[in-house]
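Input: a single structure, listed below in structure tokens.
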Amino acid sequence: METMHELIPFAKEMLSQKPNRKMVKLYMLGSVLAFFGVVIGLVETVCSPFSSQPGPEDEEDKNKAGAAREQQQREDLVLAKDKAQPALQRALVTRQHAS
């Protein structure tokens, strides 16, 4: 808020003086660039939900989902091995008794 109180007297002083051509051109250039920056920012904000490129959040979600899927596959593999071991042992035991 302090800068606003300082800005108003500065603007009044600048307006009371006759600006030279160079300063007017410089202010106009700065104003046009600022305006284009605002317009580009608004267009980007409005169009970003319709963008087909995935954002960083989407990639993180995919990475988490992939890691969870890998973990589930590992657990399924361990469970399958645990289930297969007793059957394998029974088959070996029955072969030994049959011999």
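Quick look at the values:
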{"item": "Residues being at pLDDT below 75 and surrounded by 10 or more Cβ atoms within 10 Å (Cβ to Cβ) - total across segment 69-82", "result": "5"}
{"item": "Criterion violated by residue 18 - all others in (1) open to solvent by less than 80 Å² (accessible area, probe 1.4 Å); (2) not in a helix (DSSP H, G or I) satisfied", "result": "(1)"}
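For (1) of a type outside the set (Val, Ile, Thr); (2) at pLDDT 80 or above; (3) part of a helix (DSSP H, G or I); (4) surrounded by 10 or more Cβ atoms within 10 Å (Cβ to Cβ), each residue gets a yes or a no:
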| residue | (1), (2), (3), (4) |
| --- | --- |
| 27 | yes, yes, yes, yes |
| 31 | yes, yes, yes, yes |
| 35 | yes, yes, yes, yes |
| 44 | yes, yes, yes, yes |
| 49 | yes, no, yes, no |
| 53 | yes, no, no, no |
| 60 | yes, no, yes, yes |
| 67 | yes, no, yes, yes |
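The values are calculated or read from the model by the stated rules, or taken from the named source; none is laboratory data. Remember, predicted model here, so these are calculated numbers, not experimental data. We place every Cβ from the backbone using ideal geometry, glycine too, and count neighbours over all the protein chains shown. Just the protein is used for accessible areas: all its heavy atoms, side chains included, with ligands, DNA and RNA removed. Shrake-Rupley method; radii C 1.70, N 1.55, O 1.52, S 1.80 Å.
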